[in-house]
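S.K.: Handing you a structure now.
Readers should treat all values here as calculations from the given coordinates under stated rules, not as data from a laboratory. Owing to the predicted nature of the structure, the values given are computational and were not obtained by experimental measurement. All Cβ positions, glycine included, derive from the backbone under ideal geometry; neighbour counts span all protein chains shown.
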Amino acid sequence: MSRRTLRKRMPDAEYLIGYVEDNEPIEKIMKKFKQLEEYQTKVGRDNLTSEDCRELIESTSIGEIQSSFRPRYEFSDISSMSSDSDSEGTDSTRQAKYVDPVTQSYMAVQKNLGEGRVIHEDVFNLNFQEKFEAILINAPDGLNIRAKGKLKYLKGLMNKGLIFLWSQKKEIKEWVEVMEKMKYQYVENLVWVQVDQTNVDAAGGLVNLTDFTPNLISKQPGWPFATSHLTLLMFRKIASGKLELRHQRTCDVVFDFTKPKNYVYHMIETLLPEAGVKLELWADGESRDGWIHVVHEEN
């Protein structure tokens, strides 16, 4: 009996950065972080290209995660088991194509959307003709309820889609209530825990950490309590239109020294493969293909 083995195509390298195995020891995880930092220093940039990620995967232990995406699937060649008489009059040539749902969720998405645009406008007085299916809001801390309400124009910018909104813990309830009035329903969240780089370095760096203790978390002054994380709230427009979603394997909590901006971009682009051009409010001035970034400037 002959056998043929098919392997599924690997996800793009940039989507493997940051993944860990189930029950992977903390020592191995910290080693991967260290290797990532060293490579970023080597190439002189934090935002790695696809080619950078591919080289990093191939040259360091970060690439070990590829084994999780490489199950083998075997197909028996039934025609070879049949006798000559049994096979007479039949077509013994058979072809098979394996389409893997995991790999499909990591396919390149939203190509040819054009270069990103950065505009400087008052976030509370925007006027766009186009509709968006993905809006990312980097709302400033302490925005009062009246200012939050001024974002009601977002109702007219979206027929269907998702809004992703960064919020401090103390403002989550208020934001949810404001968004519900705009007919946006809370569906999910992602938490970024800010890691204190100084304390990590004092402990010998990521590669030497054997445990992650509370003193390694950066705490920002706040009332009534200091804060150590931000929450990315996700709201879905209550609408009858069908929204094309591509579910993916992502974490709910991210530990990082800085806000995981590129991670969130990738997540949104993969989750909403048909979203087209996307909108970011309170942007930092950097651009990304397929996005309109609004840097807030008061009139």
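S.K.: Could you go through the range 145-156 in sequence order and give the Karplus-derived ³J(HN,Hα) for each residue, using 6.51 cos²θ - 1.76 cosθ + 1.60 with θ = phi - 60°, rounded to whole Hz, and x for Gly and Pro?
M.R.: 4, 5, 5, 4, x, 5, 7, 4, 5, 4, 4, x
S.K.: Which whole-Hz ³J(HN,Hα) couplings does the range 274-291 yield from phi under the Karplus relation 6.51 cos²θ - 1.76 cosθ + 1.60, θ = phi - 60°, glycine and proline marked x?
M.R.: After applying 6.51 cos²θ - 1.76 cosθ + 1.60, I find 10, 6, x, 5, 10, 10, 10, 9, 6, 6, 9, x, 7, 10, 9, 3, x, 10 Hz.
S.K.: Another question, if that's okay. When the Karplus curve 6.51 cos²θ - 1.76 cosθ + 1.60 is applied with θ = phi - 60°, which whole-Hz ³J(HN,Hα) does each residue of the range 138-143 get, with x for Gly and Pro?
M.R.: Those phi angles translate into 9, 4, x, 5, x, 4 Hz.
S.K.: Then there's this: Under 11 Å from the Cβ of residue 39, count the other residues' Cβ atoms, weight Lys and Arg +1, Asp and Glu -1, and hand me the total. Provide the component values of the computation, followed by the final result.
M.R.: On the way: positive: 32, 34, 42, 45; negative: 37, 38, 46, 52, 55.
Residues near residue 39 contribute -1 overall.
S.K.: What residues qualify as long-range amide H neighbours of residue 196, i.e. H under 5 Å apart, gap of 5 or more or another chain, H built at 1.01 Å from N?
M.R.: It is 217, 218, by chain and number.
S.K.: As a quick test, which of the pairs 31/169; 131/237; 131/259; 155/259; 150/183; 173/278 have an alpha carbon distance above 24 angstrom in this structure? It would help to have the intermediate numbers written out before the result.
M.R.: On the way: 31/169 31 Å; 131/237 13 Å; 131/259 27 Å; 155/259 27 Å; 150/183 15 Å; 173/278 26 Å.
Over 24 Å Cα-Cα: 31/169; 131/259; 155/259; 173/278.
S.K.: When a footprinting reagent is the concern and you count Cβ atoms within 10 Å, what order do 36, 233 take, fewest first?
M.R.: Numbers: 36 19, 233 23.
Ranking 36, 233 by Cβ neighbours within 10 Å, fewest first, gives 36, 233.
S.K.: Less than 12 Å Cβ to Cβ from residue 131, Lys/Arg counted +1 and Asp/Glu -1: what total charge do the surrounding residues give?
M.R.: Working: positive: 155, 160, 237, 278; negative: 130, 133.
Summing Lys/Arg as +1 and Asp/Glu as -1 gives +2.
S.K.: Okay, moving on. For the range 109-296, count all C-alpha to C-alpha pairs, find those more than 19 Å apart, and express that count as a whole percent of the total.
M.R.: Tail fraction, whole percent: 62.
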